[in-house]
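The values are calculated or read from the model by the stated rules, or taken from the named source; none is laboratory data. On a predicted model such as this, the values are computed, not experimentally measured, just so you know. Here the Cβ positions follow ideal geometry from the backbone for every residue, glycine too, while neighbour counts run over all protein chains shown.
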Amino acid sequence: MARYLGPRLKIVRRLGTPLPGLMRTDPDLRRPYPPGQHGPTKRAKLSDYALRLREKQKLRFHYGVSEKQLRRYVAKAFKAKGNPGLTLLTSLERRLDSALFRAGYAPSISAARQMARHGHVTVNGRKVDIPSYSLKAGDVIAPRDTSKMKEAIGQNRQDPNNLSLPSYLSVLEDNSFRVTVAPAREDIPVIVNEQLIVEYYSGK
């Protein structure tokens, strides 16, 4: 499935939970039911499969990855040591576009992805234009000196709607920041049950 480009509030209502990477500000849930003709009245009990699918979709839409990309992350998590669910979450959180969003460079992960793809940031002094680039402890991310987005980045970082800075990032001078440690479970900003995601892909 291709990356979603449609109405964001529709996805938030369908999944029933805020997705900061998709919609940073609190969504208007005056209609706290799924979209569509039967949304207000249909209260069907979700099957076990539907519950697992919904958790997987939360992760997909928050980080803005395609199904094919997510499957690759899941395959790597299954092969790695430790809890595959936690490994999956931290791998997604270590993406460059996710880190730019969490540092306040951009108002959404999709905007951060575009910023990275257009070469507006550097990692350890070198231009990186791959949004999925996996950061590690010690990496320093900064706006490019020649970037026309430097002023916008400074303004974005002052936005009161930004998420709180996660524990794995520390702010340096000139709007740059450093990855200090690997992301922890409490740094994941989306409410998701990773065990259900593991179970969803275990049956594939």
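In the range 51-72, how many are of a type in the set (A, V, I, L, M, F, W, C), over 14 Å from Ser132 (Cα atoms) and surrounded by 20 or more Cβ atoms within 10 Å (Cβ to Cβ)?
Residues meeting the conditions: 2.
Only one of Leu135, Leu169 is more than 22 Å from Pro84 (Cβ to Cβ) and under 19 Å from the mean Cα position of the chain (by Cα); which? Steps first, please.
Values: Leu135 fails: more than 22 Å from Pro84 (Cβ to Cβ).
Exactly one of Leu135, Leu169 is more than 22 Å from Pro84 (Cβ to Cβ) and under 19 Å from the mean Cα position of the chain (by Cα), namely Leu169.
Here is a yes/no grid of residues against (1) touching a Leu at 6+ places or on another chain (Cβ under 8 Å); (2) at pLDDT 90 or above; (3) assigned by TED's automatic domain parsing to the domain that holds Leu196; (4) of a type outside the set (A, V, I, L, M):
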position	(1), (2), (3), (4)
Gly16	no, no, yes, yes
Leu19	no, no, yes, no
Arg30	no, no, yes, yes
Pro35	no, no, yes, yes
Arg43	no, no, yes, yes
Arg60	yes, yes, yes, yes
Glu67	no, yes, yes, yes
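Can you find a residue that is surrounded by fewer than 21 Cβ atoms within 10 Å (Cβ to Cβ) and hydroxyl-bearing (Ser, Thr, Tyr) anywhere in the range 99-106?
no
Of the conditions (1) in a helix (DSSP H, G or I); (2) of a type outside the set (Ser, Thr, Tyr); (3) without any contact (Cβ under 8 Å) to a residue 12 or more places away in the chain, Lys81 fails just one. Which one is it?
All conditions are met except number (1).
Please work out if Ile191 is within 30 Å of Ser47 (Cβ to Cβ), in contact (Cβ under 8 Å) with a residue 40 or more places away in the chain and either touching a strand residue (DSSP E or B) at 6+ places or on another chain (Cβ under 7 Å) or not in a loop (DSSP other than H, G, I, E, B) (or both).
In short, no.
From the set of residues in the range 73-98 that are surrounded by fewer than 21 Cβ atoms within 10 Å (Cβ to Cβ) and charged (D, E, K, R), which is nearest to the chain's Cα centre (by Cα)?
The extreme case among them is Arg94.
For every residue, the table says whether it meets (1) part of a strand (DSSP E or B); (2) of a type in the set (Asp, Glu); (3) under 17 Å from Val179 (Cβ atoms).
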position	(1), (2), (3)
Ser91	no, no, yes
Asp97	no, yes, yes
Leu100	no, no, yes
Pro107	no, no, no
Gln114	no, no, no
Pro131	no, no, yes
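Of all residues being hydroxyl-bearing (Ser, Thr, Tyr) and in contact (Cβ under 8 Å) with a residue 24 or more places away in the chain in the range 121-167, which is surrounded by the fewest Cβ atoms within 10 Å (Cβ to Cβ)? Just the residue, please.
Only one residue fits best here, namely Ser134.
Scan (1) under 30 Å from Gly154 (Cβ atoms); (2) at pLDDT below 95 for the single condition Gly82 breaks and write down its number.
So the condition that Gly82 fails would be (1).
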